[in-house]
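Each reported figure results from applying straightforward, stated rules to the coordinates on display, with no laboratory input. In this text the structure is predicted, and so the values were computed from the model without any measurement. Glycine gets a Cβ as well: all are built from the backbone with ideal geometry, and neighbour counts include every protein chain shown.
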Amino acid sequence: MRGRVPAALALVLLLSACGEPEVSLEELRQQAEDGVCVLSVDADVEAGRDTWMRFYEATQAEEDAEVTLVSWYSGDPFGVSRQDRFYTYHLSFTDGVYTLTAEGAEGETVSEQYAHLLRFEEEPDVDSGARYQKVIACVLADDADLTWREVIGNMGRSPVDGPLYIRERIVYSEYIHASEAERP
């Protein structure tokens, strides 16, 4: 599948470039269930877990792989508008390098490359007030020894923060709630 974009995904990419959610959340959910992409809604993976796991397992076996990530936000968190929006990213693993690609604000292609995909399963701090029991997160990073605490501490920082900044990107986050953890 290298170098090709499935027809259904091409439509999603085209419409996401427009910025407005001309594809409904229900359509994106169906595409994720069909294995076309991984869908996160408000930063929590909602559909396409099997698609993600195929990608993750292939990369851990050092096999080339690719996956499309769609992030839907109820009301734009980046302050562009109050409308629902979605963003589409393409993540590939080729020759030992992870490449995350998206369309930039001016329609140009923006790419970032990373050496590692780290997986974390973490419980919230007892006094955090979190409504979830556990988070499963995958983070692109150049430092294989990066910890979850460092990832969390890096949130909100930018390269202008100098030595405090760590180049990383959370690409998968799934929050497990008590009712989900108790299911057989």
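Observations on the model:
- Checking each residue in segment 96-110 for being farther than 16 Å from Val139 by Cα and either in contact with a strand residue (DSSP E or B) (Cβ under 6 Å, 6 or more places away or on another chain) or not small (Gly, Ala, Ser) (or both) picks out Ala102, Glu103, Gly104, Glu106, Glu108, Thr109, Val110.
- Tally, over segment 39-67, of residues that are surrounded by fewer than 23 Cβ atoms within 10 Å (Cβ to Cβ), in a strand (DSSP E or B) and touching a residue at least 40 places away in the same chain (Cβ under 8 Å): 3
- Members of segment 91-144 found to be closer than 24 Å to Arg54 by Cα and of a type in the set (Asp, Glu), listed by number: Asp95, Glu112, Glu121, Glu122, Asp142, Asp143
- Per-region count, segment 115-151, residues among the β-branched types (Val, Ile, Thr) and in contact with an Asp or Glu (Cβ under 9 Å, 6 or more places away or on another chain): 4
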